[in-house]
Structures are given as C-alpha cells and as structure tokens.
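Written below as structure tokens is the structure these notes are about.
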Amino acid sequence: MKQLHIFKRLTTLALCAGLVTTGALAANSVTRMIQANYSGIHITVDGKQITPKDANGKVVEPFTVDNTTYLPVRAVIVKTPTYDEIANGFCVADMRAK
C-alpha cells in the first residue's frame, strides 16, 4: 500500500515536471526579439488622418520591422476583431475603414 502511494506521488511529480518543461520549451520556441522602428507613421483613412487607439482607448503607434509596416487592426476597421484561440488568428467581419 505504501509503495502504491509513493508510486502515485512520483508519477504526479513527473507529469507536473513534464508539463512545466514542455510549456517553457514551447513558449521559448515562438518568442524572438525584434527591432521595431517607430518613426511617426501617420494613418489616413478616407482622406482623414486618424489616431490609432487600442481597445481601452490608449494611443498606439504603428511601427515597421524588416520593411513591413504593422498597424493596429482596431484602429483602421469598423468592427472589432475577435481572436480565435483554436485557429490562432483574428476574424474581422467587416473591413470598411472608419
């Protein structure tokens, strides 16, 4: 009986250690350092300059990385994008600009 109890504890400990290690390795494999260039990029939609803001109304600045410009999606579309965890992507139903 005592051996069964020790076996259960060791098995649980091994599973927990495996989960922690796997999570750390997975997070490490998708993270990389980038150098972003914030150079005062302006966004004009339908002839009007807009100030991009996040979901909380905080101003966010567009930036470039490796000659690709990144814009905050919420700032340039009418509908709020929804994040799909399963597909690991965003869904936007209407792409008309503000």
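The values are calculated or read from the model by the stated rules, or taken from the named source; none is laboratory data. No experiment lies behind these values; they were computed from the predicted model shown. All Cβ positions, glycine included, derive from the backbone under ideal geometry; neighbour counts span all protein chains shown.
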Of the residues in segment 41-72, those that are surrounded by 11 or more Cβ atoms within 10 Å (Cβ to Cβ) and of a type in the set (D, E, K, R) come to Lys53, Asp54, Glu61
Picking from Thr82, Thr21, the residue that is polar (S, T, N, Q), in contact with a Cys (Cβ under 9 Å, 6 or more places away or on another chain) and modelled with pLDDT under 80 would be Thr82
In this structure, does Ala75 turn out to be assigned to a helix (DSSP H, G or I) and either at pLDDT 85 or above or surrounded by fewer than 10 Cβ atoms within 10 Å (Cβ to Cβ) (or both)? no
